[in-house]
Amino acid sequence: MPVARQSRIWPAGGVHLWPSGGTSAAHTHPRGHLLYAAGGVLSVHTERGTLIVPANRVAWVPAGSAHHHRAHGETDMRIVFLPASLARLIPGQPAVFLASGLAREVLLTLTGPRPLERGPRARLHRVLADELRAAPEQPLRLPEPRDDRLRAVARILDEDPADTSSLAALGRRVGAGARTLSRLFHDELGTTFYEWRTQLRIGHALVLLAEGHDTTRVAHACGWANPSGFIAAFTAIVGTTPGRHRQHPAG
């Protein structure tokens, strides 16, 4: 299993430079923390679901949440721990937020090569918490199903996001009717099957783009018959086109 090529850790945060495919062991932290990919893409796997973190997003992992992360493409991962007084201002579950230009600069400054004095660091922590409170939560958190039938559907599509089977066809493979599965998606995950599948596909697309694949190949690999449909869905969720995302991932 690839490990971080370089790491710098200090009480308020850290930096890990991961090779593509680098994966951490499952772990927890006593403080809530933010994860930011200054380059590459991170997937953060928690008990509540999977967070996809491209370079224009920031992930929040609350204190005590078991998680592990994986790098897709060469990934510059930044970690910022927040004091409990500020962590209370951010949701109590793992989440992904849009990283404003100011938030990105603060994250990079807090994890830069020169350690900050306590006063400036505390002020920047408050700025960061304020930015995240104002930032919309992003649909890049794929909730983890609990029902065995939903988990079976998730496994099928995670292994092959290009699978275009209808919910009824998937139901026949997992032993449940389409109406039952539709209700479970709504009641357990708070979404429709088609919205959930689109989120899963976009997560896979971000990973494939980070690994260097072109838009057309990614579109087909993730279940779109033509690139234009993929570009529209990607832009609606990520906020930029796949091409621009590849050229300027933090833009």
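Could you check how many residues of the stretch 197-242 are over 24 Å from residue 96 (Cα atoms) and in contact with a Phe, Trp or Tyr (Cβ under 7 Å, 6 or more places away or on another chain)?
1
Would you confirm, using the coordinates I've provided, whether residue 101 is more than 14 Å from the chain's Cα centre (by Cα) and closer than 22 Å to residue 23 by Cα?
So residue 101 does not fit the description; no.
Looking at this structure, is residue 133 part of a loop (DSSP other than H, G, I, E, B), surrounded by fewer than 17 Cβ atoms within 10 Å (Cβ to Cβ) and modelled with pLDDT under 95?
no
Test residue 175 against the stated conditions and say whether it is surrounded by fewer than 16 Cβ atoms within 10 Å (Cβ to Cβ), in contact (Cβ under 8 Å) with a residue 40 or more places away in the chain and not assigned by TED's automatic domain parsing to the domain that holds residue 47.
no
Could you please find all residues in the stretch 178-217 being touching a residue at least 60 places away in the same chain (Cβ under 8 Å) and polar (S, T, N, Q)?
199
Residues in the stretch 39-62 that are touching a Ser or Thr at 6+ places or on another chain (Cβ under 8 Å), more than 15 Å from residue 142 (Cα to Cα) and small (Gly, Ala, Ser): how many?
Result for the stretch 39-62: 2.
Run residue 64 past the list (1) free of Cβ contacts under 8 Å to residues at least 60 places away in the same chain; (2) farther than 19 Å from residue 95 by Cβ and report the number of the one that doesn't hold.
Unmet for residue 64, out of (1) free of Cβ contacts under 8 Å to residues at least 60 places away in the same chain; (2) farther than 19 Å from residue 95 by Cβ: (2).
Name the single residue, out of those in the stretch 51-90 being of a type in the set (Gly, Ala, Ser) and within 15 Å of residue 32 (Cβ to Cβ), that is surrounded by the most Cβ atoms within 10 Å (Cβ to Cβ).
59
Of the residues 71, 63, 25, only one is under 13 Å from the mean Cα position of the chain (by Cα) and at pLDDT 90 or above; which?
71
Among the residues of the stretch 148-172, write down those that are surrounded by 17 or more Cβ atoms within 10 Å (Cβ to Cβ) and in a loop (DSSP other than H, G, I, E, B).
If the condition is that a residue be surrounded by 17 or more Cβ atoms within 10 Å (Cβ to Cβ) and in a loop (DSSP other than H, G, I, E, B), then 161 is the only one that fits.
The values are calculated or read from the model by the stated rules, or taken from the named source; none is laboratory data. Values in this document were obtained by computation on a predicted structure and should not be read as measured data. Cβ: placed from backbone, ideal geometry, glycine included. Neighbour counts: every protein chain shown.
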